[in-house]
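Bear in mind these aren't lab numbers, they're just calculated from the coordinates by the rules spelled out. Owing to the predicted nature of the structure, the values given are computational and were not obtained by experimental measurement. Neighbour counts are summed over all protein chains in view; Cβ atoms, including those assigned to glycine, are modelled from backbone coordinates with ideal geometry.
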């Protein structure tokens, strides 16, 4: 059996509990701009964690716990979802599994098809990204932080500087799609908001 131990150095480092390299890269950029007294590393292998939670909080905790127990090291997990006003039961906690085994492009098109008769945000295209960020420091200490980005579902896909549902999402107060404004996203996304809350907490608590 492979030895799951990692060679990690001080300051305190966290194993990224997930396989989504786009998310990992976003958190690396956030760490550069809003640094915590820690580092974030990709594990040598990824785990298949069954996300059976009923909330983003529960799934974030499931992933953080699984990686912590396997690698015997502090872990950082993210669970996020797209919530759409007129599709309350289809995405949300189930966002990653929406549409089944189809490409992300096809998932975006499927949402646009489902909303084809919804003309505007006021009529139901209102949507929001939510993120729960989980820092698992030890078996006894675990901290979760929330972030949210409000906006609406666009009428078509646009932009190639993002991932996931970014091409069909227009943030509140913006005219461009999220996939067109990566610099803005880095500052104001749901993940950025959760990260900033973590920064505020850890700076005042001296946990890191």
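Run through every distinct alpha carbon pair of the stretch 13-205 and return the Kirkwood hydrodynamic radius in angstroms, one decimal place.
Values: mean 1/r = 0.0582 Å⁻¹.
Value: 17.2 Å, from the Cα pair sum.
Using Cβ counts within 10 Å as a stand-in for footprinting exposure, how do 195, 184 rank, fewest first?
By the 10 Å Cβ count, ascending: 184, 195.
Determine which residues of the stretch 167-196 fall in the zone a paramagnetic label at residue 85 would reach in this model, i.e. backbone nitrogen under 15 Å from the point 7 Å along Cα→Cβ.
So the set is 170-173.
Where the centroid of each part is defined by its Cα atoms, how far is the stretch 56-89 from the stretch 168-208 in Å?
17 Å
Using 7 Å Cα-to-Cβ label points, what is the residue 21/residue 42 separation (nm, one decimal)?
0.4 nm
Sum -39500 (n - 2.57) across every DSSP H segment of at least 4 residues in the chain, then divide by the residue count to get the 222 nm mean residue ellipticity, nearest 500. Kindly include the intermediate steps, with their values, before the conclusion.
Details: 5 runs with 63 residues, N = 208.
Computed mean residue ellipticity for the chain: -9500 deg cm²/dmol.
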